[in-house]
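Before any comments, here is the structure.
The values are calculated or read from the model by the stated rules, or taken from the named source; none is laboratory data. Not measured: the values here are computed from a predicted model. Using ideal geometry, Cβ is built from the backbone for each residue, glycine included, and neighbour counts are taken over all protein chains shown. Accessible surface is based on the protein model in full, side chains and every heavy atom, while ligands, DNA and RNA are left aside. Shrake-Rupley method; radii C 1.70, N 1.55, O 1.52, S 1.80 Å.
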Amino acid sequence: MGSYIIRKIIGIIPLLLIVSIIMFLFMNLLPGNVVDSILSEGGTVEQQQKLMERYGLDLPIYVQYWTWLTNFVRGDMGVSHFSGQEVSERLAERFPVTLELILISIIIAILVGVTVGLICAVKRNKPTDYVLSTISMVGVAMPAFWLGMLLIMLVSVKLQWLPASGFVKFSVDPIENLKTMILPSVTLGLSLAAPIARQTRSAMLDALSQDYIITAYSKGLKNKLVFWKHALRNALIPVVTSITNQINGLIGGAFVVETVFLIPGMGKSNVDAINQRDNPVVMGLSMAVVITVVIVNLVADILNAYIDPRITFSEK
């Protein structure tokens, strides 16, 4: 397993390099720069030139990228051009907020999605199956930001049960922290639960139709034993893959939800940095997200190998 993980990590390096080049080019192709944001009310040509030289924006783009890359490899993410804050410091502040949002959302998504999928598989072609499957289809098509606004209008504005925006650190007040995280987490979690439910239903129905399941029934094994021990384990393989794929999209969805609910996580910080053309912040936070996605995929591959005995690390 160690050699398998090392091979995967080595294969990740070119991917990260390509992604960093694309992101750097994209930020430099956008109109305007951080100097325009700092001198929003105008400035002299001399002031603009000094800022351009200070941030290295007067250098060729390949020189700017090489400087950023060599610093990043050494662990130096740079300094925000707009605020002067270390990017690593901002990452340390914002990453735990986004991580908490994603973890709670994943728990909600798995509990709801897998449960609904199993119920649909057991109640196949019955009213319960039709109703839950229809709700899942609607959930797949529903944008997270739209669901978030609906929840804000219903739960926060009309019922006044939970705050519509803001964030309180868990270390400051655990109860208030959970109150501020419930709506955003439910918004993200439900958007992920719908496709998980559909995948779980499909995988369970496929597993239950296999010959070994029919053989197990013919041997007189109890329905619960066949369902939970034999069918569910094999059905989990595509479900785990589906959850992993959805988690990758969930990280991007967190950016939108953080903006809707005004949560000071990586998503909102990255959006603000893009608007300010603050390249070091955008590159640092974006690369942290990309590395997180890569790690999630690696963990999913390892989990699949453990769940499915037919998969071996040597085959990969």
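Numbers at a glance
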{"item": "Estimated FRET transfer efficiency (Leu16, Glu93; beta-carbon r; R0 25 Å; 0.05)", "result": "0.60"}
{"item": "Surface per residue (accessible, 1.4 Å probe) for the stretch 61-148, Å²", "result": "57"}
{"item": "Filter on Lys169/Lys268; Lys126/Lys158; Lys8/Lys268 - keep pairs with C-alpha separation over 27 Å", "result": "Lys126/Lys158; Lys8/Lys268"}
{"item": "For Val79, distant residues with modelled amide H under 5 Å away", "result": "Val87"}
{"item": "Cα gyration tensor, the stretch 92-141 - rounded (a/c under 1.5), prolate or oblate", "result": "prolate"}
{"item": "Rounded, prolate or oblate (a/c below 1.5 giving rounded, otherwise prolate when a/b exceeds b/c) for the stretch 67-123 by Cα gyration tensor", "result": "prolate"}
{"item": "Peptides 96-106, 25-35 ordered by average Cβ neighbours within 10 Å, highest first", "result": "96-106, 25-35"}
{"item": "Overall form of the stretch 41-152 per C-alpha gyration tensor (a/c, 1.5; a/b vs b/c)", "result": "prolate"}
